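**Student:** Take a look at the following structure, please.
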Amino acid sequence: MSTATDAGEMFAALPGMDEQVRRRLHARLAAAADADGILDVAYRTLDTPVGALLLAATDAGLVRVAYAREGHDRVLAQLADRVSPRVLRAPDRLDPAAREIEEYFTGRRSAFDLPLDLRLAHGFRRTVLSHLPEIGYGRTASYAAVAAAAGSPKAVRAVGTACATNPLPVVVPCHRVVRSDGGIGQYVGGTEAKKALLDLEGERLRRGVLVQL
């Protein structure tokens, strides 16, 4: 079974192949795999103001959003291990997710309306993630407040771990969780990315220029 990497190497081995031809062949391969039911995880990358994001989805929904600092190749390998080895670059399958994320970064969306596949989060971590969308756009909540909302007021460290291992950053807004003393706290995309997201939301909220979608 050819994986995404195998397919890329196969096309790269064809001498003098025009880039458009290569892309058409890859698209046909992805479509055929999808039609034959042998494409379990589709992925693409998307350029954003906080760097290139890897987007991956199963039939159930968006399963992974990863920053470049996480290592996109490493994330794909983890998906192959934890979800299915049948992973293939299939940008069309991720068009709805890419469109909503672009709308978010351009101030045309304050909340996401995407099916999500949360299979990579379990137990209390999954419970924490389910409460994060309750933190409004441009707002923040402390780790302690999220722990209380999740039903375990003393589990502040566990909330931090859940945010740090959030498989769907940006879409599931762990960037809105901050320290009780006002510190920004850690973030899977790095503190600069976290600050950029909070600044983006706060500025648009203050200016009242957000189109509510």
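Bear in mind that the values in this text are calculations on the coordinates, not laboratory data. A quick note: this is a predicted structure, and the numbers were derived from the prediction, not measured. Neighbour counts are summed over all protein chains in view; Cβ atoms, including those assigned to glycine, are modelled from backbone coordinates with ideal geometry.
**Student:** Using amide H atoms built 1.01 Å from N in the peptide plane, name the residues 5+ places from V178, or on other chains, whose amide H lies under 5 Å from its own.
**Tutor:** Correct list: A141, S142, Y143.
**Student:** Calculate the dipole size of segment 24-177 relative to its Cα centre from +1 charges on Lys and Arg beta carbons and -1 charges on Asp and Glu beta carbons; express the result in debye to the nearest 20.
**Tutor:** About 460 debye.
**Student:** How large are Rg and Dmax for segment 35-194 when only the alpha carbon atoms are used, in Å?
**Tutor:** That works out to 15.5, 53 Å for Rg and Dmax.
**Student:** Given a cut-off of under 8 Å on Cα pairs at least six residues apart, what relative contact order in percent is computed for segment 102-213?
**Tutor:** It rounds to 33 percent for segment 102-213.
**Student:** In whole Å, what three semi-axes, largest first, describe the equivalent ellipsoid of segment 85-170 built from its Cα gyration tensor (square root of 5 times each eigenvalue)?
**Tutor:** 27, 18, 9
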